[in-house]
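The values are calculated or read from the model by the stated rules, or taken from the named source; none is laboratory data. Being a predicted model, the structure only gives us computed values, none of them experimental. Every residue, glycine as well, gets a Cβ built from its backbone with ideal geometry; the counts of neighbours run over all protein chains shown.
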């Protein structure tokens, strides 16, 4: 139908051009024209100009999408989020130029499940990733389910060029590698955490790849991912094809390894900080500087004029490495707010109101349908997330009227366990180990989870337990080993 319409439009335009030319010929060759012919000429010229303008407006290039996901960034580890011992002007600028989502959550307390949720739009345990995917099979807790549809596949169908730079962490074999799941280009780390940001090894194995080829680049991983992203953006400059770039940094995930000059700068400025905290501050400030370089590249290429930028983290900060989640209770690997509530900002020139904020509830899995709506395509009907586009645009939207769940499976020194959380409105239940009672909170009255409520004869509590139970039953049908 679209082809027929296009041909019809071209035919109509061609006919108009022909008539205009005939009248022009009459005037130029015969020097004679009637009042009627003149009026028809003017009318046709105006009509053709109107059609051309309408068509050109309708062909506006679709919005580019840059999704920046950082690793283990605590809710309190940005100066814009209240940190007083660090300077993060470039990430702060995202809040100044765009919207701050003050009630945004990761889908898990750890890496792989959150990434699966972001890219699939579904709860991670419903796509076979209830825990961390590792190269050690005896401690591997996930396998991305076959036929899982990821956001790059949806966007490719709308004509987008799709790329991932940085950390993948959703599978080590070719069938679960980025190029086989919708990404046109991949340059980064196929595995999970790096044992060293300079050598880029994990358990002695090099997981650095460019597409399917092993590479051995030199330099700090944060710098590499930044430079590769800038190189990619330069290739998109002037290209009419829209792009989706998923930039997934390893930082500030441990080991905490800032470049020496960044650590020295922090220690000189704030000698009172412990070495552990100073390293973390320097690590994040180096990351902030890198994100500033990426944003500067967007500006320099002019791509910022038509690019949505989303920034967030895969889970909360790790307390044992002196990362901060502000006043929130707990940290990475906890179902308390400190483990799952994350910083989130979005910038979209002339679309999102600069300096705005929203306390609408959102999760990583909501980004999938959001990006689909922006690309003017329908998200797969089976996704669990909802589009947050109205929220980004400052429109009224109800996002907190749903049951949401967090599930994680883990082994190692945890002994092979699962733990959970569920929320509806302001009410939340959680269990950080199967050996402790389920806790129940009203986050509106107790945002820092200091005083568990009594669950006795409480209908909201009973319903949360029931809904979580049904979710666990559904997820149990999805193989992940």
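Key figures for this structure:
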{"item": "Complete set of residues in the range 379-398 that are buried (at least 21 other Cβ atoms within 10 Å of the Cβ) and over 11 Å from residue 121 (Cβ atoms)", "result": "388, 391, 392"}
{"item": "Filter result (modelled with pLDDT under 95 and either more than 22 Å from residue 348 (Cα to Cα) or over 22 Å from the mean Cα position of the chain (by Cα) (or both)) within the range 375-399", "result": "380, 381, 382"}
{"item": "Search result, residues across the range 274-315 that are over 24 Å from residue 72 (Cα atoms), in contact with a helix residue (DSSP H, G or I) (Cβ under 7 Å, 6 or more places away or on another chain) and assigned to a helix (DSSP H, G or I)", "result": "297, 298, 301, 303, 304"}
{"item": "Failed criterion for residue 398 (all others in (1) assigned by TED's automatic domain parsing to the domain that holds residue 103; (2) under 28 Å from residue 308 (Cβ atoms) hold)", "result": "(1)"}
{"item": "From the options 444, 379, residue that is part of a loop (DSSP other than H, G, I, E, B) and touching a residue at least 60 places away in the same chain (Cβ under 8 Å)", "result": "379"}
{"item": "Top-ranked residue of the range 214-273 - restricted to ones that are touching a residue at least 60 places away in the same chain (Cβ under 8 Å) and assigned to a strand (DSSP E or B), ranked as farthest from residue 313 (Cα to Cα)", "result": "243"}
{"item": "Flag for residue 166 being more than 21 Å from residue 373 (Cβ to Cβ) and in a loop (DSSP other than H, G, I, E, B)", "result": "no"}
{"item": "Complete set of residues in the range 127-154 that are part of a helix (DSSP H, G or I), closer than 17 Å to residue 367 by Cα and touching a helix residue (DSSP H, G or I) at 6+ places or on another chain (Cβ under 7 Å)", "result": "127, 151, 154"}
{"item": "Residue match in the range 414-428 (condition: in a loop (DSSP other than H, G, I, E, B) and at pLDDT 95 or above)", "result": "yes"}
{"item": "Identity of the residue in the range 73-85, within 14 Å of residue 291 (Cβ to Cβ) and surrounded by 17 or more Cβ atoms within 10 Å (Cβ to Cβ), that ends up nearest to the chain's Cα centre (by Cα)", "result": "73"}
{"item": "One residue from 243, 225, 283 being assigned by TED's automatic domain parsing to the domain that holds residue 110, under 20 Å from the mean Cα position of the chain (by Cα) and closer than 22 Å to residue 199 by Cβ", "result": "225"}
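Matching residues to (1) in a helix (DSSP H, G or I); (2) at pLDDT below 95:
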site	(1), (2)
8	yes, yes
33	no, yes
39	yes, yes
50	yes, yes
57	yes, yes
77	no, no
108	no, no
